[in-house]
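One structure is given below, encoded as structure tokens.
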């Protein structure tokens, strides 16, 4: 009992020592592989991608450490605030946002371009974790306690769909669903929602934008129109397939270097990596991600607070979804939805979101034995 | 402790469900690995192929087309450097400014500019667009000199077909042109933009030999089609040269001898069958077809009443007129209905049935035999000979001498002419043969038509003593200069089974034609004995003279008739008389008189031919100097 009490307020040095440096090493390895891929994508140059990505990673690591050592209760207290801010920004982006790639996603604050949906990815998990932290096992069984969290999920998801950004909406929905699942919401309720959602699909189809419908069509049959919208998937499959078992060699990927592969530094970077390093390289990378996710679950399982468990579990699921959707997309298993490969794809916003998320994950680890009273969940 | 217990419930549920979800996620990763295994191992070959197809662009390297040479190696069709100026849009900031600067050096008119800008817009920015081609070396050098001030301008030296003699060989050599849809075949070369294939003449008949085999280069390209580097290169095999039997000097002489007249001439070696000259006048400029003929040029060629596109030597079908008489006589002798001594009296006409058939000489020739009838070209004698012999026997002899069927010359578009028979008339016109028609055939009129080449072959087969020499225009012996095979016709070709005496009579008649005092072509004789020529005049009616016209007694002078209605002038000949070597047929369309118009041309051609005689005077090739010999070296600009 005394030992745990000590954990409630640790010194900074103790916290730094307690940071899961193995995890930090793991993400550094993954990100470094990403740097080599970006170096190759630029035709053997650290400019313009690898250098900037490295800078972002270094800044991100610092932020991650700061987040990790800040008392978990501070984050818990801030959870609703961040959520509220996220919702306000989503509404703002709806009103004055910048249109890019046919969707309204960016908020231009002069010096800073903010993508509120990215904030919401973290904020939603934070909020749900804090809310469910206040519920007992019995409460979870009662539907009335589920109304508020459902509303908490539906509002931002609705706003994101309206942008329209189907990929992020799915991501939010799936990671929220995971948090609900971890809390112990009865399985039949999930089945009910899934069945209901399935029934609503034909209706939802009508609300999809043409470009989204087209993506689904091309996903179903990419060879139909190889120079049109099916081009991305087809070229990606050609790149993967031609990479073969052992790959074409570093910087030797013809599909990517001769520009047949689109978006090779962002969404399709896995394809380039697997073209150059073959199935072996792809398996190594996937193994690293599996290790990262396993780390996440281990942290979640070791946390003594429900908040920590749900936060770690939710963030880990989010990480999994990123990796899975991206690789499934580039290998033609799911439609192209524009989800980057975590820590690998070029892009500042995604890198920050991920390192903030991993920072919170490490935070849960550092504060694994901190006791958080249930009433702290309330407002 | 109650709180702790409930907390434990939550933890237990979390642990269970986290493990459940974690396992599910691991399973999903398993699916990804399975997918990657499928793509990267099982389907790898297929995708490797697709990636290579993406990346590698095969470019065909067109082979250099073989040349067409005359018998001494003079280039009749060759390849000329094609100096081109091109513009690459991405290398200049301002296409208009560059074109403007260029127009100060070479001619770039508004239509050219419009075309260039249109093409630039259609194509990718790194694709060179041709601004001007077939530039002179001076213009090309000028642009090259100024190229530092011409951003985006690229100079290029390609190859294009060149016919240095312009129209002299147009009907022999033919021309090349762009490949038409229905000419596309197995050879991928044919799909190459700008590729040319033979469209007529030797260029067409020997196209495959001249064409050569394509080389190819494998080029790595990126997704936008830009060439990154060359991976592999196989040079093709250039086309073989084709050596003709034609003597370029004689051909040029023959063509020039026709002057403004429309007509054709063929000179053939009676032993070898080699054609030394084959001219159809006027010719046309084959270069027009190579670069792409324009509308006005096409209309000009088509509307010309002299029909320059028609190869009259093998496509023109004319009644042979009196040039037909030798064989009518031979047919009569062979049939046994006449002997060399059979005499026919010519009062100037012959009555047959209800018709009167006139001799060209109003007062008549008096008593004629075969030789004197040839000498004076007596019509009545041959009316009688034909009447006694019948058309079918005449046709038999005519066909043996090469008339009425393809000679098999290796040129395009040969026509066969008509040698009528009873069966032919029944089949073609559905009418029986009238005996009176025999008479008309006897003087080479009526249904009979022949080509000048056929007449030359006929003369050759008579002059060589009756051997079936076939005409040809491409040398088979792979040599230049005089023929390497000097065997006479009798040891080369099958005999036509004429009686030597009968042939000799025909030749004697032909010799007397060019002999004073009575020979019809005596004025066109060759006076040097060693070159002396024998021949036969022919003046063939284009239009039948009606009874009414004849009875009206209004004799319209030939010169007063419209050109189209004047008689054709023909002459067939061989030389030298002492030891025949060359045969010649000349036709001057609507030339009015065989003796006055065609015979002098034949005389000059045969005289020139003998003077140039390759068997006596081997020469070195003079010919025009070709561009390739002295052209400046390639300059990349």
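The values are calculated or read from the model by the stated rules, or taken from the named source; none is laboratory data. Computed from a prediction, not measured in an experiment: that's the story for all the values here. Note: ideal-geometry Cβ built from the backbone for every residue, glycine included; neighbour counts use all protein chains shown.
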Selected residue (only one of A:351, A:329 is within 12 Å of the chain's Cα centre (by Cα) and within 30 Å of residue A:261 (Cα to Cα)): A:351
Boolean, residue B:356 is in a strand (DSSP E or B) and either crowded, with 16+ Cβ neighbours inside 10 Å or more than 19 Å from the chain's Cα centre (by Cα) (or both): yes
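So, residue B:57, is that one closer than 24 Å to residue B:214 by Cα and within 14 Å of chain A (Cβ to nearest Cβ) or not? Break it down stepwise before answering.
Details: closer than 24 Å to residue B:214 by Cα: yes; within 14 Å of chain A (Cβ to nearest Cβ): yes.
Yes.
So which of B:6, B:35, B:17 is at pLDDT below 90 and not assigned by TED's automatic domain parsing to the domain that holds residue B:118? Walk me through how you get there before you give the answer.
Numbers: B:35 fails: at pLDDT below 90; B:17 fails: at pLDDT below 90.
Of B:6, B:35, B:17, the one residue that is at pLDDT below 90 and not assigned by TED's automatic domain parsing to the domain that holds residue B:118 is B:6.
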Subset of the range B:309-330 [closer than 16 Å to residue B:258 by Cβ and surrounded by fewer than 24 Cβ atoms within 10 Å (Cβ to Cβ)]: B:310, B:316
Residue, nearest to the chain's Cα centre (by Cα), within the range A:130-167, restricted to residues that are closer than 19 Å to residue A:325 by Cα and in contact (Cβ under 8 Å) with a residue 60 or more places away in the chain: A:167
Filter result (touching a helix residue (DSSP H, G or I) at 6+ places or on another chain (Cβ under 6 Å) and within 17 Å of residue B:319 (Cα to Cα)) within the range B:387-403: B:391, B:394, B:397, B:398, B:401, B:402, B:403
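Out of the helices (runs of 4 or more DSSP H) lying entirely within the range B:368-437, which hold 3 or more residues that are in contact with a strand residue (DSSP E or B) (Cβ under 7 Å, 6 or more places away or on another chain)? Explain how you work it out, then say what you get.
Details: elements: B:370-376, B:379-389, B:391-400, B:422-429.
Filter on the range B:368-437 gives B:379-389.
Do we have any residue at all in the range B:42-54 that's within 14 Å of chain A (Cβ to nearest Cβ) and touching a residue at least 12 places away in the same chain (Cβ under 8 Å)? Write out each step before concluding.
If we filter the range B:42-54 for residues that are within 14 Å of chain A (Cβ to nearest Cβ), which is where we start, we get B:42-54.
Now restrict to residues that are touching a residue at least 12 places away in the same chain (Cβ under 8 Å): B:54.
Yes, the conditions are met somewhere in the range B:42-54.
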Subset of the range A:258-275 [within 12 Å of chain B (Cβ to nearest Cβ) and surrounded by 23 or more Cβ atoms within 10 Å (Cβ to Cβ)]: A:260, A:261, A:264, A:270, A:271, A:273, A:274, A:275
Count of residues meeting criterion [buried (at least 16 other Cβ atoms within 10 Å of the Cβ) and either in the same structural domain as residue B:449 (by TED's automatic domain parsing) or closer than 25 Å to residue B:590 by Cβ (or both)] in the range B:289-305: 1
In the range B:221-231, the residues that are over 18 Å from residue B:88 (Cα atoms) and more than 7 Å from every other protein chain (Cβ to nearest Cβ): B:229, B:230, B:231
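Out of the residues in the range B:27-41 meeting the condition of being more than 7 Å from every other protein chain (Cβ to nearest Cβ) and under 26 Å from residue A:310 (Cα atoms), tell me which one is nearest to the chain's Cα centre (by Cα). So that I can check it myself, show each step before the final result.
The initial filter retains those residues of the range B:27-41 that are more than 7 Å from every other protein chain (Cβ to nearest Cβ), namely B:27, B:30-31, B:34, B:38.
Still in the running and under 26 Å from residue A:310 (Cα atoms): B:27, B:30.
Details: B:27: 76, B:30: 72 Å.
The extreme case among them is B:30.
How many of the residues making up the range A:239-254 are outside any helix (DSSP H, G or I) and either without any contact (Cβ under 8 Å) to a residue 24 or more places away in the chain or at the interface with another protein chain (Cβ under 7 Å from one of its Cβ atoms) (or both)?
2
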Qualifying residue in the range B:164-176 (condition: in contact (Cβ under 8 Å) with a residue 12 or more places away in the chain, touching a strand residue (DSSP E or B) at 6+ places or on another chain (Cβ under 8 Å) and part of a strand (DSSP E or B)): yes
Odd one out for residue B:108, checked against (1) surrounded by fewer than 16 Cβ atoms within 10 Å (Cβ to Cβ); (2) outside any helix (DSSP H, G or I): (1)
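Among the residues of the range A:283-316, which ones are facing chain B (nearest Cβ under 7 Å), within 20 Å of residue A:174 (Cβ to Cβ) and surrounded by 24 or more Cβ atoms within 10 Å (Cβ to Cβ)? Full working, then the answer.
In the first step, residues of the range A:283-316 are kept if they are facing chain B (nearest Cβ under 7 Å); the result is A:283, A:286, A:290, A:293, A:297, A:300-301, A:306, A:309, A:313.
Pick out the ones that are also within 20 Å of residue A:174 (Cβ to Cβ) and you get A:286, A:290, A:293, A:297, A:300, A:309, A:313.
Once the filter is applied, which keeps residues that are facing chain B (nearest Cβ under 7 Å), within 20 Å of residue A:174 (Cβ to Cβ) and surrounded by 24 or more Cβ atoms within 10 Å (Cβ to Cβ), the range A:283-316 yields A:300, A:309, A:313.
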Flag if residue A:327 is at the interface with chain B (Cβ under 10 Å from one of its Cβ atoms) and surrounded by 22 or more Cβ atoms within 10 Å (Cβ to Cβ): yes
Leading residue by the ranking (modelled with the lowest pLDDT) among those in the range B:550-565 that are surrounded by fewer than 10 Cβ atoms within 10 Å (Cβ to Cβ) and under 34 Å from the mean Cα position of the chain (by Cα): B:559
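Go through the range B:218-247 residue by residue and tally those that are under 33 Å from the mean Cα position of the chain (by Cα) and more than 19 Å from residue B:314 (Cβ to Cβ). Reasoning before the result, please.
Quick first cut of the range B:218-247, residues under 33 Å from the mean Cα position of the chain (by Cα) only: B:234-247.
Checking which are more than 19 Å from residue B:314 (Cβ to Cβ) leaves us with B:234-241, B:243.
Residues flagged as under 33 Å from the mean Cα position of the chain (by Cα) and more than 19 Å from residue B:314 (Cβ to Cβ) within the range B:218-247 amount to 9.
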Sole residue being more than 30 Å from residue B:171 (Cα to Cα), in the same structural domain as residue B:464 (by TED's automatic domain parsing) and in contact (Cβ under 8 Å) with a residue 40 or more places away in the chain, chosen from B:356, B:389: B:389
Members of the range B:438-465 found to be crowded, with 24+ Cβ neighbours inside 10 Å and part of a loop (DSSP other than H, G, I, E, B), listed by number: B:443, B:444, B:448, B:451, B:464
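Considering the range B:496-513 alone, what residues qualify as being out of contact with any strand residue (DSSP E or B) (no Cβ under 6 Å at 6 or more places or on another chain) and closer than 22 Å to residue B:585 by Cα?
Listed by number, the residues that qualify are B:496, B:498, B:502, B:503, B:504, B:505, B:506, B:507, B:508, B:509, B:512.
Yes/no per residue for (1) surrounded by 14 or more Cβ atoms within 10 Å (Cβ to Cβ); (2) free of Cβ contacts under 8 Å to residues at least 40 places away in the same chain; (3) not in a helix (DSSP H, G or I):
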{"position": "B:13", "(1), (2), (3)": "yes, yes, no"}
{"position": "B:18", "(1), (2), (3)": "yes, yes, no"}
{"position": "B:27", "(1), (2), (3)": "no, yes, no"}
{"position": "B:32", "(1), (2), (3)": "yes, yes, no"}
{"position": "B:40", "(1), (2), (3)": "yes, yes, no"}
{"position": "B:63", "(1), (2), (3)": "yes, no, yes"}
{"position": "B:79", "(1), (2), (3)": "yes, no, yes"}
{"position": "B:83", "(1), (2), (3)": "yes, no, yes"}
